[in-house]
Amino acid sequence: MNEDPAAGLKRDVGEAAARLVEDGMVVGLGTGSTANFLIDALGRRWAEGLRFTGIPTSIRSEERARKLGIALSDFGRHPEIDLTIDGADEIEEGTLNLVKGLGGALLREKIVAANSRRMVVIADDSKLVRHLGSKAPVPVEVTPFGWEATSHRLGAIGARVQPRRDPKGDFFVTDGGNLILDCVFGPMEDAPQRERAIRDIVGVVECGLFIGRAEIALLAGPNGVHTVG
Ligand code: 5RP
(Lines give C-alpha, C1' and ligand atoms only; values in the text may rest on other atoms or scores of the structure.)
Protein backbone atom coordinates (compact mmCIF):
# COMPACT_ATOMS: atom_id res chain seq x y z
CA MET A 1 0.00 0.00 0.00
CA ASN A 2 1.39 3.44 -0.96
CA GLU A 3 0.76 5.96 1.83
CA ASP A 4 0.04 9.50 0.67
CA PRO A 5 2.77 11.63 2.37
CA ALA A 6 0.43 14.64 2.29
CA ALA A 7 -2.51 12.79 3.89
CA GLY A 8 -2.08 14.52 7.27
CA LEU A 9 -2.08 17.97 5.67
CA LYS A 10 -5.09 17.08 3.53
CA ARG A 11 -6.93 15.95 6.66
CA ASP A 12 -6.08 19.20 8.47
CA VAL A 13 -7.34 21.38 5.63
CA GLY A 14 -10.45 19.25 5.03
CA GLU A 15 -11.37 19.55 8.69
CA ALA A 16 -10.71 23.31 8.73
CA ALA A 17 -12.92 23.79 5.67
CA ALA A 18 -15.75 21.76 7.19
CA ARG A 19 -15.98 24.43 9.90
CA LEU A 20 -17.04 26.98 7.21
CA VAL A 21 -20.35 25.17 6.69
CA GLU A 22 -23.33 26.61 8.56
CA ASP A 23 -26.84 25.37 9.24
CA GLY A 24 -29.17 25.63 6.25
CA MET A 25 -26.46 26.05 3.59
CA VAL A 26 -26.43 24.39 0.18
CA VAL A 27 -22.88 23.08 -0.17
CA GLY A 28 -20.99 21.87 -3.24
CA LEU A 29 -18.98 18.79 -2.22
CA GLY A 30 -15.70 18.44 -4.09
CA THR A 31 -13.93 15.33 -5.34
CA GLY A 32 -10.54 13.82 -4.55
CA SER A 33 -8.49 12.72 -1.57
CA THR A 34 -8.56 16.18 0.08
CA ALA A 35 -12.30 16.55 -0.49
CA ASN A 36 -12.78 13.09 1.04
CA PHE A 37 -11.42 14.43 4.34
CA LEU A 38 -13.83 17.36 4.04
CA ILE A 39 -16.79 15.04 3.45
CA ASP A 40 -15.79 12.81 6.37
CA ALA A 41 -15.51 15.86 8.66
CA LEU A 42 -18.89 17.08 7.44
CA GLY A 43 -20.29 13.62 8.18
CA ARG A 44 -19.12 14.01 11.79
CA ARG A 45 -20.68 17.47 12.00
CA TRP A 46 -23.90 16.05 10.54
CA ALA A 47 -23.92 13.37 13.27
CA GLU A 48 -23.59 16.19 15.83
CA GLY A 49 -26.69 17.92 14.44
CA LEU A 50 -25.52 20.33 11.69
CA ARG A 51 -28.08 20.35 8.86
CA PHE A 52 -27.17 21.38 5.32
CA THR A 53 -27.75 20.11 1.78
CA GLY A 54 -24.92 18.71 -0.30
CA ILE A 55 -24.53 18.83 -4.08
CA PRO A 56 -21.80 16.31 -4.96
CA THR A 57 -19.35 16.83 -7.84
CA SER A 58 -18.95 13.12 -8.65
CA ILE A 59 -20.54 9.74 -8.15
CA ARG A 60 -17.67 8.88 -5.74
CA SER A 61 -18.35 11.91 -3.54
CA GLU A 62 -22.09 11.27 -3.72
CA GLU A 63 -21.62 7.70 -2.47
CA ARG A 64 -19.27 8.81 0.31
CA ALA A 65 -21.62 11.55 1.54
CA ARG A 66 -24.66 9.30 1.28
CA LYS A 67 -23.02 6.63 3.48
CA LEU A 68 -22.45 9.30 6.15
CA GLY A 69 -26.14 10.22 6.06
CA ILE A 70 -25.64 13.71 4.56
CA ALA A 71 -28.76 15.03 2.76
CA LEU A 72 -28.07 15.42 -0.98
CA SER A 73 -29.87 17.33 -3.67
CA ASP A 74 -29.57 18.48 -7.29
CA PHE A 75 -29.89 21.63 -9.38
CA GLY A 76 -33.61 20.95 -10.01
CA ARG A 77 -34.33 21.53 -6.34
CA HIS A 78 -31.37 23.79 -5.50
CA PRO A 79 -30.28 25.84 -8.53
CA GLU A 80 -27.92 27.99 -6.43
CA ILE A 81 -25.18 26.78 -4.14
CA ASP A 82 -24.03 28.88 -1.17
CA LEU A 83 -20.54 27.48 -0.83
CA THR A 84 -18.47 24.96 -2.78
CA ILE A 85 -15.37 23.41 -1.23
CA ASP A 86 -13.13 21.45 -3.56
CA GLY A 87 -9.52 20.38 -4.04
CA ALA A 88 -7.17 21.28 -6.88
CA ASP A 89 -4.10 19.96 -8.66
CA GLU A 90 -2.45 23.37 -9.00
CA ILE A 91 -3.28 26.76 -7.49
CA GLU A 92 -1.70 29.81 -9.07
CA GLU A 93 -0.20 32.30 -6.61
CA GLY A 94 -1.82 35.71 -6.86
CA THR A 95 -4.78 34.77 -9.06
CA LEU A 96 -6.06 31.57 -7.40
CA ASN A 97 -6.70 30.23 -10.89
CA LEU A 98 -6.66 26.44 -10.79
CA VAL A 99 -5.89 23.25 -12.62
CA LYS A 100 -8.44 20.59 -11.69
CA GLY A 101 -9.45 17.20 -12.97
CA LEU A 102 -6.62 14.80 -12.26
CA GLY A 103 -9.34 12.94 -10.34
CA GLY A 104 -11.49 12.95 -13.47
CA ALA A 105 -14.43 14.98 -12.15
CA LEU A 106 -13.72 18.34 -13.79
CA LEU A 107 -16.99 18.74 -15.69
CA ARG A 108 -19.30 18.35 -12.70
CA GLU A 109 -16.80 20.29 -10.58
CA LYS A 110 -16.93 23.22 -12.98
CA ILE A 111 -20.73 23.17 -13.24
CA VAL A 112 -20.97 23.19 -9.44
CA ALA A 113 -18.34 25.95 -9.11
CA ALA A 114 -20.06 28.05 -11.78
CA ASN A 115 -23.34 27.93 -9.86
CA SER A 116 -21.88 28.70 -6.44
CA ARG A 117 -21.85 32.04 -4.67
CA ARG A 118 -18.45 31.18 -3.19
CA MET A 119 -15.80 28.60 -3.95
CA VAL A 120 -13.14 27.71 -1.41
CA VAL A 121 -10.26 25.60 -2.67
CA ILE A 122 -8.49 23.28 -0.23
CA ALA A 123 -5.06 21.72 -0.63
CA ASP A 124 -1.70 21.01 0.91
CA ASP A 125 0.67 23.83 0.08
CA SER A 126 2.67 21.78 -2.46
CA LYS A 127 -0.17 22.61 -4.90
CA LEU A 128 0.73 26.31 -4.96
CA VAL A 129 2.58 27.25 -8.18
CA ARG A 130 3.84 30.43 -9.80
CA HIS A 131 2.26 29.51 -13.16
CA LEU A 132 -0.38 26.89 -13.93
CA GLY A 133 1.00 23.99 -15.96
CA SER A 134 4.27 23.95 -13.99
CA LYS A 135 3.71 20.46 -12.60
CA ALA A 136 0.33 19.17 -13.74
CA PRO A 137 -1.12 18.55 -17.21
CA VAL A 138 -4.38 20.32 -18.02
CA PRO A 139 -7.11 17.65 -18.16
CA VAL A 140 -9.56 18.23 -21.00
CA GLU A 141 -12.85 16.30 -21.15
CA VAL A 142 -13.83 15.42 -24.73
CA THR A 143 -16.56 13.45 -26.47
CA PRO A 144 -15.59 9.89 -27.39
CA PHE A 145 -16.74 10.55 -30.96
CA GLY A 146 -13.94 12.19 -32.89
CA TRP A 147 -11.54 12.29 -29.96
CA GLU A 148 -8.58 11.76 -32.28
CA ALA A 149 -9.49 14.91 -34.26
CA THR A 150 -10.01 16.84 -31.01
CA SER A 151 -6.64 15.63 -29.81
CA HIS A 152 -5.03 16.83 -33.05
CA ARG A 153 -6.60 20.31 -32.56
CA LEU A 154 -5.29 20.45 -29.00
CA GLY A 155 -1.85 19.58 -30.34
CA ALA A 156 -2.15 22.46 -32.80
CA ILE A 157 -2.54 24.97 -29.93
CA GLY A 158 0.62 23.69 -28.26
CA ALA A 159 -0.38 20.71 -26.13
CA ARG A 160 1.42 17.40 -25.82
CA VAL A 161 -1.65 15.20 -25.54
CA GLN A 162 -2.00 11.93 -23.67
CA PRO A 163 -5.38 10.12 -23.58
CA ARG A 164 -6.02 9.10 -19.98
CA ARG A 165 -6.28 5.38 -19.29
CA ASP A 166 -7.54 3.41 -16.31
CA PRO A 167 -5.36 0.88 -14.44
CA LYS A 168 -6.42 -1.87 -16.89
CA GLY A 169 -5.20 0.19 -19.84
CA ASP A 170 -8.70 1.00 -21.15
CA PHE A 171 -9.76 4.59 -21.79
CA PHE A 172 -10.71 6.35 -18.57
CA VAL A 173 -14.43 7.21 -18.82
CA THR A 174 -15.84 10.13 -16.83
CA ASP A 175 -19.13 10.23 -14.89
CA GLY A 176 -20.56 11.94 -18.00
CA GLY A 177 -19.44 9.12 -20.33
CA ASN A 178 -16.66 11.18 -21.92
CA LEU A 179 -12.87 10.75 -22.27
CA ILE A 180 -10.06 12.82 -20.78
CA LEU A 181 -7.08 14.07 -22.74
CA ASP A 182 -4.26 15.17 -20.42
CA CYS A 183 -2.58 18.13 -22.12
CA VAL A 184 0.93 19.21 -21.18
CA PHE A 185 1.48 22.87 -22.04
CA GLY A 186 4.27 23.63 -19.58
CA PRO A 187 4.10 26.73 -17.36
CA MET A 188 1.47 29.16 -18.70
CA GLU A 189 1.52 32.92 -18.31
CA ASP A 190 -1.75 33.17 -20.24
CA ALA A 191 -4.05 30.64 -18.59
CA PRO A 192 -7.29 32.63 -19.24
CA GLN A 193 -6.57 32.83 -22.99
CA ARG A 194 -5.53 29.18 -22.99
CA GLU A 195 -8.82 28.20 -21.36
CA ARG A 196 -10.76 30.04 -24.07
CA ALA A 197 -8.67 28.49 -26.87
CA ILE A 198 -9.26 24.99 -25.48
CA ARG A 199 -12.99 25.50 -25.03
CA ASP A 200 -13.31 26.83 -28.60
CA ILE A 201 -12.31 23.45 -30.02
CA VAL A 202 -15.27 21.42 -31.23
CA GLY A 203 -15.40 18.12 -29.32
CA VAL A 204 -14.14 19.67 -26.08
CA VAL A 205 -16.77 19.33 -23.38
CA GLU A 206 -14.86 21.20 -20.66
CA CYS A 207 -11.36 22.12 -19.64
CA GLY A 208 -9.63 21.69 -16.27
CA LEU A 209 -8.50 25.31 -16.10
CA PHE A 210 -10.69 27.09 -13.53
CA ILE A 211 -10.28 30.81 -14.09
CA GLY A 212 -11.64 33.29 -11.54
CA ARG A 213 -13.66 30.63 -9.73
CA ALA A 214 -11.94 30.32 -6.33
CA GLU A 215 -12.51 33.13 -3.84
CA ILE A 216 -10.08 31.89 -1.22
CA ALA A 217 -7.67 29.00 -0.75
CA LEU A 218 -7.14 27.14 2.51
CA LEU A 219 -3.65 25.70 2.38
CA ALA A 220 -2.13 23.27 4.85
CA GLY A 221 1.59 23.27 5.56
CA PRO A 222 3.88 22.21 8.40
CA ASN A 223 2.90 25.34 10.37
CA GLY A 224 -0.84 24.72 10.11
CA VAL A 225 -3.66 25.86 7.84
CA HIS A 226 -3.57 29.36 6.42
CA THR A 227 -5.89 31.32 4.15
CA VAL A 228 -4.86 32.90 0.86
CA GLY A 229 -7.02 35.34 -1.10
C1 5RP B 1 -10.80 15.89 -9.19
C2 5RP B 1 -10.05 17.10 -8.80
C3 5RP B 1 -9.41 17.10 -7.46
O4 5RP B 1 -9.91 18.15 -6.72
C5 5RP B 1 -7.93 17.26 -7.63
O6 5RP B 1 -7.49 16.21 -8.49
C7 5RP B 1 -7.19 17.19 -6.31
O8 5RP B 1 -7.22 15.91 -5.80
P9 5RP B 1 -6.50 15.49 -4.45
O10 5RP B 1 -7.18 16.22 -3.36
O11 5RP B 1 -6.70 13.99 -4.40
O12 5RP B 1 -5.05 15.85 -4.58
O13 5RP B 1 -9.96 18.08 -9.50
O14 5RP B 1 -11.30 16.00 -10.50
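The values are calculated or read from the model by the stated rules, or taken from the named source; none is laboratory data. On a predicted model such as this, the values are computed, not experimentally measured, just so you know. Counting neighbours? That spans all protein chains shown, and the Cβs are built from the backbone with ideal geometry, glycine included.
Do we find that Ala71 is out of contact with any Phe, Trp or Tyr (no Cβ under 8 Å at 6 or more places or on another chain) and surrounded by fewer than 22 Cβ atoms within 10 Å (Cβ to Cβ) in this structure? No; evaluated as a whole, the condition is false for this residue. Among the residues of the range 137-159, the one identified as over 21 Å from the mean Cα position of the chain (by Cα), assigned to a loop (DSSP other than H, G, I, E, B) and either among the aromatic types (Phe, Trp, Tyr) or within 16 Å of the ligand (Cβ to nearest atom) (or both) is Phe145.
Each row is one residue, and each column tells you yes or no for (1) under 13 Å from the mean Cα position of the chain (by Cα); (2) part of a strand (DSSP E or B); (3) at positive phi.
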| site | (1), (2), (3) |
| --- | --- |
| Val27 | no, yes, no |
| Ala35 | yes, no, no |
| Leu42 | no, no, no |
| Arg45 | no, no, no |
| Ser61 | yes, no, no |
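Scanning the range 178-195 for residues that are buried (at least 22 other Cβ atoms within 10 Å of the Cβ) and free of Cβ contacts under 8 Å to residues at least 24 places away in the same chain yields a count of 0.
Please enumerate the residues belonging to the range 1-25 that are more than 15 Å from the ligand (Cβ to nearest atom) and either of a type in the set (Val, Ile, Thr) or within 17 Å of the chain's Cα centre (by Cα) (or both). Correct list: Val21 only. Among the candidates Thr57, Thr31, Thr53, the residue that is surrounded by fewer than 20 Cβ atoms within 10 Å (Cβ to Cβ), among the hydroxyl-bearing types (Ser, Thr, Tyr) and under 21 Å from Arg117 (Cα atoms) is uniquely Thr53. Between Gly229, Gly186, the distinction of being out of contact with any helix residue (DSSP H, G or I) (no Cβ under 8 Å at 6 or more places or on another chain) and modelled with pLDDT under 95 belongs to Gly229 only. Out of the residues in the range 160-185 meeting the condition of being touching a Lys or Arg at 6+ places or on another chain (Cβ under 9 Å), part of a loop (DSSP other than H, G, I, E, B) and not aromatic (Phe, Trp, Tyr), tell me which one is nearest to Gly133 (Cα to Cα). Only one residue fits best here, namely Thr174. Only residues that are over 21 Å from Pro222 (Cβ atoms) and either within 11 Å of the ligand (Cβ to nearest atom) or buried (at least 21 other Cβ atoms within 10 Å of the Cβ) (or both) were counted across the range 34-47, and they come to 4.
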